[in-house]
Amino acid sequence: MTAVPGVVSAALELYDAALSDGSPLRIHSARGQGALALDHWRGEADADDETLLARCVGPTVDLGSGPGRLVGELTRRGVPSLGVDVSPAAVRLGRARGGMVLRRSLFARLPGEGRWARVLLADGNIGIGGDLDLLLGRVAQVLAPEGHALLEVSGEDVDEVRELVISAPDGRRSDAFPWAFAGARAAAVRGRRAGLLPDEAWVSGARHFLALRRSP
């Protein structure tokens with residue numbers, strides 16, 4: 001998770017505390033509620049993640065890198081990589097895995113802008129800020145020409161923004177904040193607006209992915 005315009009600090013504080021102490025969090029919207037996948041994010045890369053990692057050919061930046069599951073594994077494999085996250089706990093955990101992780105908003109200036117071969121937006125991070133056009137425009141700035149953005153997308157054919165609330169076991173709740181949801185079709189359409197051309201779509205287990213290539 002990374003800081004973006006419109007996301008209240010209380011949500012980040014709950015997320016940061018949960019990463020630090022291992023407590024669960026729930027996410028609420030008008031469509032219902034469910035558990036945040038913190039255990040998965042804190043765990044090791046799995047077979048579905050491998051389909052992303054195998055496509056990380058060349059220097060890779062993981063935007064919203066969380067506890068560093070992916071950037072840590074890329075580092076172990078010798079792939080030049082950088083994680084970016086605003087959560088102090090996420091940055092600490094990512095570095096503990098051996099990854100190079102920068103505590104910064106992805107909307108702030110990043111090292112190597114315009115030269116990254118791959119940009120990762122996994123674990124729902126295409127929702128950051130609730131504005132997919134803005135986010136993909138930022139991705140296009142970070143990528144090198146002919147570089148690829150590797151996105152995890154919704155398995156549903158959706159293109160919408162939902163108001164979310166995070167809650168902790170002790171009853172604390174964040175204020176509502178916007179989060180975007182998009183399936184492969186919608187993400188491809190919006191990617192074209194940013195100069196990112198659909199290149200490949202695939203499914204692994206219950207997860208859906210899309211690769212967008214930055215035009216020359």
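The values are calculated or read from the model by the stated rules, or taken from the named source; none is laboratory data. Just so you know, these numbers come straight off a predicted model, no measurement behind them. No Cβ is skipped: glycine too gets one built from the backbone with ideal geometry, and neighbour counts run over all protein chains shown. Heads up: the accessible areas ignore ligands, DNA and RNA and are worked out on the full protein's heavy atoms, side chains in. Shrake-Rupley method; radii C 1.70, N 1.55, O 1.52, S 1.80 Å.
Annotation: of all residues in region 31-49 being within 21 Å of A201 (Cβ to Cβ) and in contact (Cβ under 8 Å) with a residue 40 or more places away in the chain, the one that is most open to solvent (accessible area, probe 1.4 Å) is A47. In region 187-216, the residues that are more than 15 Å from V57 (Cβ to Cβ) reach residues that are open to solvent by 60 Å² or more (accessible area, probe 1.4 Å) and aliphatic (A, V, I, L, M) with C-beta atoms within less than 6 angstrom, at least six apart or across chains, in these pairs: L210/A201.
What's the number of the condition G171 fails, among (1) assigned to a strand (DSSP E or B); (2) at pLDDT below 95? Tallying (1) assigned to a strand (DSSP E or B); (2) at pLDDT below 95, G171 fails exactly one: (1). Inspection of region 196-211 finds a residue satisfying the criterion of being open to solvent by 20 Å² or more (accessible area, probe 1.4 Å) and part of a loop (DSSP other than H, G, I, E, B). Output the residues belonging to region 27-75 that are over 23 Å from A211 (Cα atoms) and of a type in the set (D, E, K, R). Result: R31, D39, R42.
What number goes with the only condition from (1) within 16 Å of the chain's Cα centre (by Cα); (2) farther than 14 Å from G130 by Cβ; (3) open to solvent by 10 Å² or more (accessible area, probe 1.4 Å) that R192 does not pass? With (1) within 16 Å of the chain's Cα centre (by Cα); (2) farther than 14 Å from G130 by Cβ; (3) open to solvent by 10 Å² or more (accessible area, probe 1.4 Å) applied to R192, the lone miss is (1).
Taking the listed residues P169, P178, P145, the one that is in contact with a helix residue (DSSP H, G or I) (Cβ under 6 Å, 6 or more places away or on another chain) and either in contact (Cβ under 8 Å) with a residue 60 or more places away in the chain or open to solvent by 30 Å² or more (accessible area, probe 1.4 Å) (or both) is P178, with no other qualifying. Taking the options G68, G94, name whichever one is open to solvent by less than 30 Å² (accessible area, probe 1.4 Å), in contact with a strand residue (DSSP E or B) (Cβ under 6 Å, 6 or more places away or on another chain) and on the phi > 0 side of the Ramachandran plot. So the residue among G68, G94 that is open to solvent by less than 30 Å² (accessible area, probe 1.4 Å), in contact with a strand residue (DSSP E or B) (Cβ under 6 Å, 6 or more places away or on another chain) and on the phi > 0 side of the Ramachandran plot is G68. Within region 139-159, restricting attention to residues that are of a type in the set (A, V, I, L, M) and in a strand (DSSP E or B), the residue that is nearest to the chain's Cα centre (by Cα) is L151.
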